[in-house]
Structures are given as C-alpha cells and as structure tokens.
1. Find the strands (runs of 3 or more DSSP E) located wholly in the range 203-283 whose residues include 3 or more that are within 16 Å of the ligand (Cβ to nearest atom), and list them.
2. Look at residue 480 and say whether it is within 15 Å of the ligand (Cβ to nearest atom), outside any loop (DSSP other than H, G, I, E, B) and touching a helix residue (DSSP H, G or I) at 6+ places or on another chain (Cβ under 8 Å).
3. Could you say which residue among 511, 532 is buried (at least 16 other Cβ atoms within 10 Å of the Cβ) and either closer than 20 Å to residue 580 by Cα or within 12 Å of the ligand (Cβ to nearest atom) (or both)?
4. Applying the selection to the range 514-526, what residues are more than 16 Å from the ligand (Cβ to nearest atom) and surrounded by 24 or more Cβ atoms within 10 Å (Cβ to Cβ)?
5. Can you tell which of 187, 182 is touching a helix residue (DSSP H, G or I) at 6+ places or on another chain (Cβ under 7 Å) and buried (at least 20 other Cβ atoms within 10 Å of the Cβ)?
6. Just one of 379, 438 is within 10 Å of the ligand (Cβ to nearest atom), at pLDDT 95 or above, more than 16 Å from residue 498 (Cα to Cα) and under 23 Å from the mean Cα position of the chain (by Cα); which is it?
7. All but one of (1) surrounded by 14 or more Cβ atoms within 10 Å (Cβ to Cβ); (2) touching a strand residue (DSSP E or B) at 6+ places or on another chain (Cβ under 9 Å); (3) assigned to a helix (DSSP H, G or I) hold for residue 35; state the number of the condition that does not hold.
8. So residue 465 clears everything in (1) surrounded by 14 or more Cβ atoms within 10 Å (Cβ to Cβ); (2) touching a strand residue (DSSP E or B) at 6+ places or on another chain (Cβ under 8 Å) except one condition, right? Which one?
Ligand code: 6R9
C-alpha cells in the first residue's frame, strides 16, 4: 500500500480531463442507451441498430445483448475505413526475435494481405460461423489471419504457442475447428519452437480438422501430410486481392479464447462482434489517449486476450500504428525493450508487471543507457503491480515524465474496465483507480452482503457493458453457474479488491482456485490433473505461492503411489511431465513430496493450510482439528521446499 499520489498532468485539448471523465461515467449509468448510442458512432455500421443494451444477470431472464439488430464487419472497421485517409501509414510494425529484424505493413498492404488470406480460407471451404484455430508466433501474418477470419465471419480461436500438443488438441476439439493455422516454427529468445510438429501431434486426435495451413517463418524442416497440410505461400498463388467483408450481426460470434478457471477444463470464452469491437475501440482511445501518428507497443502475445484487444483490434480500429513483437524482453540482453523503443520511436508502452519486475532486478543501467525520449505513456496489465515496481517503472523507465495506466480487466471482460485516464486521474501506485464509463463495480463479503464506502471484499459488476463475454462455447449453463450464481444478479470476477476512502480500487488478486503466474492464468485443477496423469502419482494438490518476479509461482504437493520412492530425478521428471502435458508456464516452481495431504473427514483437501505452508506462513495455520489426520500437517511443514 502506498499513500503517495501522482497528480494527473495536463493533456491536449482532446484529452479527457477529470471533469469530462466524471460526467461521462455518470451519464453512462443514468442514460446507458443514449450514451452507448453516441459512442457507437466510433464504428462504421452496415445496418444501424435500434436496440442498445438488453441484458439481465438474473437467472429467470438471463441474457446479455447489445446493438443486437445492428450489422457491421470487424475487418472493415479495422482496415478498410482507414484506406482513404491513412492507406500509406504503418498499421503494423513487426519486430522479430533479433533486434532490427523488422517489417512494416501499411494499412493498404494489410488490406491486401488480409483479403488474400480470406480468399485462401474460402478456398479451403471455411465459411461464416466455422471455427478456425490459430497456433502462431507473433508474426504480421497472425494479425492478417485474425482479420481474414472476421472478414468472412469465421470464428477464430487462438491458442498460445507455448501450449503443449495435448492442450492444443483439447482446445481444437472443444470447438470442432475445421482448420488449424500454424507456422513451421516459432523463434523466441534465440530458440526455435516446433509449432508444426506440435500441431501434427495434436491433430492426430482431432477428427474435425480438415486442413492445416502452414506459414513459413523459419524455413525449418517440417513434415507435410499430403491432402491435409497446405503451405500458405502456395495457397496464395493466384488468389485475388479483394474479398468483400461479410455483413455480421452485432451479436454474431467473433472469437473464442480459452482461459483457465477453477475447474479442470479450460473455458471457451466467447466474444461477439459489435459490443466487443466498440469496447476495445473506445478503451484503447480513452485509456491511452491515443494521438494520430503515434507508435504504440503492447508486448502481449496474441495468444492471450491482451494481444487480441490491444495489439490487434483496439489499435487497428483506431487507425493506430501497432508494434507486434516476436521476441522476449531479455533477449539478446536486458536492454531489449529500451533499445527497441528508441529504434522504433515508441510513444506508448503497455506491458506486464512480471516483465517490469524481471527488468528492475537487472539494474537501472540497462534502461538509462537508452534515451527513451519518445515515450509519452506507460501501461501495465495482467496482475497487481506492487508499488515498488510501479515507482521504478515511473521514475526510471518513464523518467518521471510519463503517466502510468494500471489497467484491470479479464479475458471475460473483453477490454479494460478499471483504469486511470492518464490526463484525468491522479495516480496511486498499485491502484487501478476508477471504473471506466459503463462499469459498475460492487464489493461484497463472502455471504454476498454489499459493502459500501472504504471496504475490502469480492469484486462484482452489477450490470453488463457492451464488451463483456456472451457465453462459454458450448456450455451456456456453465457460463451462468461460473459467473452469476455465486452472488445472484451480479457478475463475479473471481478477484478480491479493496476500495479506499477516495473510491479508488485496489485489486488484491484471485480469490478462487486460479493462480496468476507471470500474468498468465493457471487453474490449480489443471496442473493437478496433469500431475495425477503421471503413472507414479497418486494424488496432487496445487496452490499459489508468492514469487518475486512472476507474482505468483506454482507450489505442488505430490503424493506418490505406494512403493515409489521420492527422488530429485523424479522431481525433475514430474516438472518435465507437466511442461509436456500443459506447457512451460504450468511447470511447478516448487514440488514437495507429501506422504499425505491435509483432508477433512469428508475427504476435502484443506487448501487453506496448503497455501499457508507454501507461503511459509506456518505460524498461523488456524484450526487443524477438523482434519482426518492432523499429523500430516507437521510432516508437510517439516519437509517444506524452498521457492525457486
Ligand atoms: C487482461 C488479463 C485476468 C486476471 C484478473 C486479475 C488479474 C489483470 C490486473 C489484474 C490487478 C491489474 N489482473 N489485470 N490484477 N491489476 N491491472 O490479464 O486477462 O488473463 O483473463 O487475467 O488477471 O486477477 O482476474 P486474464
């Protein structure tokens, strides 16, 4: 917690100031229809809408719709409408894994690439409503592929390139994708990632997949299955440069994005066309106070929601120049971000606390030896930022000149919900500050009692906003159960939060069985089921633990089958196993062999106790008398393993 306040600097005459910000929020709750009707002018509509917000979070009338009878096309809003005024402006600056390995696409070039890509999709039989899975590095073709899907009304599902073949297969199967788009290999931090080989393993279990479309990135050797696999560059031969945008209803699905929840199976979050696009368009413009001609860099991967909303759709819908970075912040050295900012002239940087903390550890010199004079604004997203990292970001990276927008949101929310506006909101390090227009947060206690004023509780949202998710793919009932049943009539975020006496919101982290590792969500149940799938493991329990750089690390308690002896080799083997089952981000940071787990008499694992032990907070384990065998706790405490 920090009491320092950083007053909002003055912006331009177009910037939103404190008075405008307050008036906009007020209007958005008093007259939502009027407010969103006006805001919707930010988009080009093929058919205007007559209906605006139409939603209820109550079970009997449960529905979430916005602009339902309007018709538009996302790709036309992101590309075509800019051609006349900024056809020759850079839309995407691609920065490869090696510094200076760059490529720029103007809006006109992006239009051509997107249309040609869309024509390839059509030639492969992909039509409106079909699902297409993308498993790609951060290459410009990835943005073209996303836009091409929206061009023809296909629903994309992007799977992060760090996920294993198994995770990829589950996500392909859950939505019955008929096409998978991948690259031969990815390049990250000087290493190659065998994307096509992973797809081959995954697709072996996916009968819905008719074709695999392969983009040549590294030129590495990959196997091509006759009849199924197609090189993009060959498929592009002879296709036309034009493809008319498919008119889409505002409530037609736009994309599915799988995210981790508190149960084992990843959830296919579904966003629709009109509300989502308006939300990311408006929030990009307002939160970053984006000014024509500026170069904007969000370091997120398109495999996560931040990449969808704030690398591709939000910036492009505003006619911005967006950087797509195919590398990592510490390669070839710890100065990579700052060197790249100088070389490309980046004005706005949007990154994650985990990256800030990792770079902060390496010392100021890596930063200060670069100029960074182009920077105007800094942003963070993905997890709570500790005031120390915030202050370093502000003082060292921004040289004290650049406001920081700490943006709180979720895959489910589509875009930013709680955030400062850089020229309106006084900043407090570690607080995401105040809700944006249309966002109505509420804090409740465990019983659902509403907490007013300064308080700490569970963060809910009491009404819909245009950009919120509409369902979980194929499981509308789970959608309702997951988000709307804990506190009836409200959307429950899964986050804990404190509101201070100034009405500022301070997100404290997840209160469910989700852990946030380096800004990536991981369900503890997912890691547990991966561990239990190993032949030598009888039982596993996974909790979060504090981690200096990652925010949270993964602490796994593993009970082995009888007759199996714990060993360092087995520890390594189990870590590797989880990497193989889910991906490197799920690999436990600490793994403790546990002869037994603390369970209630009814057999429930007492996670509260396991969390305390992982946090090394063993002085306050609370009441253990309800355990079936309280002595297991002493053994666990005695054999606790160190972080790292
Ligand atoms: C955009 C994104 C969502 C969870 C969310 C919360 C955490 C995100 C945050 C933040 C504190 C912020 N989170 N932004 N916590 N301050 N500015 O990250 O989506 O991957 O779905 O994660 O991340 O816990 O519930 P997603």
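1. Numbers: elements: 211-215, 229-231, 253-259, 267-272.
Because the criterion is at least 3 residues that are within 16 Å of the ligand (Cβ to nearest atom), the strands (runs of 3 or more DSSP E) in the range 203-283 that meet it are 253-259, 267-272.
2. Details: within 15 Å of the ligand (Cβ to nearest atom): no; outside any loop (DSSP other than H, G, I, E, B): yes; touching a helix residue (DSSP H, G or I) at 6+ places or on another chain (Cβ under 8 Å): yes.
The answer is no for residue 480.
3. On the way: 532 fails: buried (at least 16 other Cβ atoms within 10 Å of the Cβ).
When all the criteria are applied, what remains is 511.
4. Scanning the range 514-526 gives no hits.
5. 182
6. Details: 438 fails: within 10 Å of the ligand (Cβ to nearest atom).
Only one candidate passes the filter, namely 379.
7. All conditions pass for residue 35, except number (2).
8. Looking at each condition in turn, residue 465 falls short on (2).
The values are calculated or read from the model by the stated rules, or taken from the named source; none is laboratory data. Treat the numbers as computed from the prediction; the structure is a model and nothing was measured. Reconstructed Cβ throughout: ideal geometry from the backbone, glycine too, with neighbour counts over all protein chains shown.
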